[in-house]
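**Q** Have a look at this one.
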Amino acid sequence: MFKSKFSKKRNSTSSEPLTCSDSKIPTISSPTEKPKKKRKASVGSVFKGIGEALTFEKEKTAEEKAKEEQENLMVLQLFKQNLECFEKSSEPVLVCESLTGYKRMNKAKITKRDLVFAMCGEPVYKGTIKIDCWSTLKMPIDSYSTKQKRKCLIPLDIEKDGYCIECDESSIEQKTELKNMTIVDFESEFPFYKEFFYRNPNVKHYLSKEENVICSIQRFKEVSRCILRNNKGVIRCLIGKEESEKPQCYDKFFNEPKNVICLDNTPELDDALFEMENKSIITHFKFGVIYVKPNQNDENKIFTTSAKDCSPAFWKFLDLIGNKIELNGWTGYRGGLDVKSGSTGTHSYISHTHNFEIMFHVSPLIPLLQDDGQGLERKRHVGNDVVVLIFKEQSNQNDTFDPRILTSHFNSIFIVVTPDKPTIDNIHYKVTVCAKAEINSFPPYLNETGTYFHDDIFRDFILRKLINGERTAMFSPTFRLNYKKTIKEEIKNINEQFYKQDLFAVLK
């Protein structure tokens with residue numbers, strides 16, 4: 001809620017931090033500020049102009065009013081053309097109670113960055129419609145079913161040791177829109193800061209070194225769009241007119257207004273926040289791949305299986321989901337593999353889907369060290385993968401794969417694929433998915449039987465299951481803790497650099 005406590009007034013030119021009593025918020029500017037660079041026009045820039053035109057209190061010319069009206073109509077038309085994206089809209093992570101009646105997208109239907117960016121201009125269009133495509137939306141969660149599962153590729157007693165199993169479509173209680181999500185939390189890879197705030201002179205930054213918070217805000221006539229960075233992470237939100245007048249007093253941003261300072265969007269601070277966002281955007285993944293022979297249940301034997309001992313069906317499967325490449329001289333994403341001296345093998349498999357690059361750590365393709373009966377080099381790579389793809393060949397239906405034999409604590413999700421037969425003419429597969437209990441279920445969910453044909457549909461299923469598995473794992477307590485530590489340190493570094501620097505410049 002908005003704080004209404006006021007302290008005595010002070011001169012607006014004072015170097016003291018902001019308080020709720022300030023009728024005009026002073027801005028601390030760096031005396032060495034460089035001229036702002038011109039930013040290249042990009043998708044959505046025309047819609048950005050809607051809000052930016054309202055930032056200044058001056059009467060608009062007839063030409064400006066006509067342009068604004070035209071832009072409003074364009075956004076309204078765009079909204080009408082994409083009404084299905086707003087059906088069953090998702091809830092925002094941070095709600096500003098003064099903003100009501102806003103239409104938001106269904107998180108599961110966010111697949112186009114250009115559409116989202118185009119609709120992130122000023123949310124109010126002539127009072128006819130209120131759109132919020134800016135705010136970070138909550139992730140839907142489906143639960144694992146408690147129903148008795150039928151026999152699958154993983155021993156069912158693993159559940160008592162803190163694992164969850166997905167055998168078929170009945171394994172998940174599909175009550176939310178999660179099942180319709182192509183890529184989990186896809187919009188988190190959209191560069192919102194770069195697109196709307198970078199080199200934008202209308203953006204202000206509110207910093208609290210004591211609370212380790214940085215909030216970037218662009219004000220419009222009725223609302224402001226914000227990017228809030230604190231020890232919990234980074235979220236986007238909209239706030240109302242009252243909250244926008246004194247963001248330092250909004251208790252969902254800061255606890256102590258007196259510790260908050262406001263900075264212009266100087267090139268140095270702008271670059272630091274741009275780099276912070278840029279580092280957080282994921283463009284690639286690495287996944288482990290292991291081959292398990294019939295009746296093989298020893299970790300060391302699994303990791304010392306040679307490439308020549310793998311079945312034709314295994315290589316056919318890899319050729320479906322990826323492409324074999326020569327590592328020497330490889331210039332794409334390498335996933336930690338050696339592309340110069342051949343220490344991690346001569347070849348590997350890569351893939352590409354939904355704008356993500358994938359490198360597979362194929363255990364049989366990584367060389368064994370001399371007199372190595374444990375496959376240590378292979379374990380070093382596969383053991384550091386969150387998601388592991390297991391190609392398991394069975395001697396009979398009781399011949400399952402038990403993830404508990406893998407000693408790596410980092411491996412958290414296991415996708416087990418079994419061919420109908422080990423020969424090159426195999427065209428059917430059975431799939432079972434197993435994950436540590438702290439990780440929520442993730443799409444695409446298995447079909448009614450958990451069986452698939454050797455085709456592009458199966459390829460898409462496997463690749464998205466791998467990607468969404470890792471993306472969902474990042475929301476689990478264990479991985480989230482690591483994320484929070486990283487974010488906390490990044491915010492701290494920026495605060496220490498710019499909070500001190502600019503405050504010292506004023507006091508000097």
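**Q** Grab the eigenvalues of the alpha-carbon gyration tensor for the chain, scale each by 5, take roots, and send me the semi-axes largest first in whole angstrom. Mind dumping the intermediate values first?
**A** Details: eigenvalues 490, 128, 90 Å².
Values for the chain, descending: 49, 25, 21 Å.
**Q** Here is a follow-up. Counting only GluC sites (Glu not before Pro) that sit in a DSSP loop (anything but H, G, I, E, B) with at most 12 other Cβ atoms within 10 Å, what is the longest stretch of the chain containing none of them?
**A** Values: sites that count: Glu57, Glu59, Glu87, Glu97, Glu448.
The longest such stretch corresponds to 98-447.
**Q** Right, here's the next one. Where Lys and Arg each count +1 and Asp and Glu each count -1, what net charge lies around Ser135 among other residues with Cβ under 11 Å from its Cβ?
**A** That works out to +2.
**Q** Read phi for every residue in the stretch 433-447 and hand back ³J(HN,Hα) as whole Hz from Karplus 6.51 cos²θ - 1.76 cosθ + 1.60, θ = phi - 60°, with x for Gly and Pro.
**A** 10, 9, 9, 4, 4, 6, 9, 5, 5, 8, x, x, 7, 5, 7
**Q** How many angstrom lie between the Cα centre of the stretch 63-138 and the Cα centre of the stretch 398-447?
**A** That distance is 40 Å.
**Q** On to the next question. Work out the charge dipole of the chain with +1 on the Cβ of Lys and Arg and -1 on the Cβ of Asp and Glu about the Cα centre, then indicate which of Ser143, Thr449, Gln296 is farthest towards its positive end.
**A** Ser143
**Q** Structure shown: which of Lys60/Lys194; Lys107/Lys241; Lys316/Lys392; Lys175/Lys488 lie over 23 Å apart, alpha-carbon to alpha-carbon?
**A** On the way: Lys60/Lys194 28 Å; Lys107/Lys241 26 Å; Lys316/Lys392 14 Å; Lys175/Lys488 34 Å.
Long pairs (Cα-Cα over 23 Å): Lys60/Lys194; Lys107/Lys241; Lys175/Lys488.
**Q** List the chymotrypsin sites (Phe, Trp or Tyr not before Pro) within the stretch 399-485 that fall in a DSSP loop (any state other than H, G, I, E or B) and whose Cβ has at most 16 other Cβ atoms within 10 Å. Write out the running numbers ahead of the final one.
**A** Numbers: sites: Phe401, Phe410, Phe414, Tyr429, Tyr445, Tyr452, Phe453, Phe458, Phe461, Phe475, Phe479, Tyr483; in loops: Phe401, Phe410, Tyr445, Phe475.
Passing sites in the stretch 399-485 are Phe410.
**Q** To the nearest 20 Debye, how big is the dipole of the stretch 62-148 about its Cα centre, given +1 on the beta carbon of each Lys and Arg and -1 on that of each Asp and Glu? Could you put the intermediate results ahead of the total?
**A** Details: 14 positive and 13 negative charges, 93 e Å.
About 440 debye.
**Q** What residues have an amide H closer than 5 Å to that of Asp142, excluding those fewer than 5 places away on the same chain, when H is modeled at 1.01 Å from N in the peptide plane?
**A** Ser441
**Q** Taking only DSSP H segments of four or more residues, each worth -39500 (n - 2.57), what value at 222 nm results for the chain once the sum is divided by all its residues, to the nearest 500 deg cm²/dmol?
**A** Numbers: 10 runs with 124 residues, N = 508.
The helix-only estimate for the chain comes to -7500 deg cm²/dmol at 222 nm.
**Q** Taking H placed 1.01 Å from N in the peptide plane, check which residues at least 5 places from Phe220 or on another chain put their amide H under 5 Å from its amide H.
**A** HN-HN under 5 Å from Phe220: Arg225.
**Q** A further question on this structure: Using the charge dipole of the stretch 238-346 (Lys, Arg: +1 at Cβ; Asp, Glu: -1 at Cβ; taken about the Cα centre), state which of Ile282, Leu269, Trp315 has its Cα farthest towards the positive end.
**A** With unit charges placed on the Cβ atoms, the residue in question is Trp315.
**Q** For the chain, what's the relative contact order in percent, using C-alpha pairs closer than 8 Å and at least 6 residues apart?
**A** Working: 946 pairs, mean separation 93.3, N = 508.
That works out to 18 percent.
**Q** Just to check I understand the Karplus step: with θ = phi - 60° and J = 6.51 cos²θ - 1.76 cosθ + 1.60, what whole-Hz values come out for the stretch 206-218, glycine and proline as x?
**A** 10, 10, 10, 5, 5, 8, 6, 10, 10, 10, 9, 9, 10
Coordinate-derived values only; no laboratory data. Note that the structure is predicted; figures quoted are calculated from it, not measured. Every residue, glycine as well, gets a Cβ built from its backbone with ideal geometry; the counts of neighbours run over all protein chains shown.
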